[in-house]
Each structure stands twice: as structure tokens, then as C-alpha cells.
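The values are calculated or read from the model by the stated rules, or taken from the named source; none is laboratory data. All of these numbers come straight from a predicted model, not from anything done at the bench. In this analysis, Cβ positions are derived from the backbone assuming ideal geometry, glycine residues included, and neighbour counts consider all displayed protein chains. What goes into the accessible areas is simple: the full protein's heavy atoms, side chains included, and nothing from ligands, DNA or RNA. Shrake-Rupley method; radii C 1.70, N 1.55, O 1.52, S 1.80 Å.
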Amino acid sequence: MFSTGTDEVVERTALFGSLVFETVKKSDGALGITTGVENPLPLIALFLVLTAVLTMIQTIYRGLKQRREHLLNAPGN
């Protein structure tokens with residue numbers, strides 16, 4: 001992602017166009033790299049989706065744990 005074959009500026013995007021990586025080969029042979037956020041909306045959407053999924057997993061886990069405790073404490077065991 002950071003390699004360039006020429007002396008011109010190369011710009012690449014990642015994560016649905018929200019992150020930008022820009023590289024340029026300098027005159028002394030070094031590689032100059034600039035990074036940034038171009039569009040924060042995909043990052044916010046990803047954060048919200050992951051938060052919702054993790055919340056659902058935690059809720060299901062707690063429900064299953066309570067059900068297990070209920071079954072273990074049921075009369076007749």
C-alpha cells in the first residue's frame with residue numbers, strides 16, 4: 001500500500017473510502033507518507049454496527065446464563 005514506483009504522488013483509499021494514504025518518493029530516496037480521514041461516515045457506521053452486534057451478543061449471553069441458573073435451581077434437581 002505504501003510503495004511507489006515513480007516520483008509522483010500516489011493516493012490510495014481504504015476502509016470504504018474513509019482513510020487516505022498518500023505516498024511520494026522524495027529526491028533523497030526516502031518515502032514520504034501522509035495519512036488522514038477523508039470521509040468519517042463509514043467509520044461512524046462501522047462503529048455503530050459493531051456496537052450493536054456486541055450489545056446483542058452480551059444480552060444473549062446474559063439471558064443464557066440466567067436460564068442456566070434457573071434450570072440448575074429448579075426443584076427436582
Pair list, Cβ < 7 Å and 6+ apart or interchain, from the stretch 27-42 residues that are closer than 25 Å to residue 16 by Cβ to residues that are among the aromatic types (Phe, Trp, Tyr) and open to solvent by 90 Å² or more (accessible area, probe 1.4 Å): 42/16
Residues of the stretch 26-45 that turn out to be open to solvent by 70 Å² or more (accessible area, probe 1.4 Å) and closer than 12 Å to residue 15 by Cα, as a count: 4
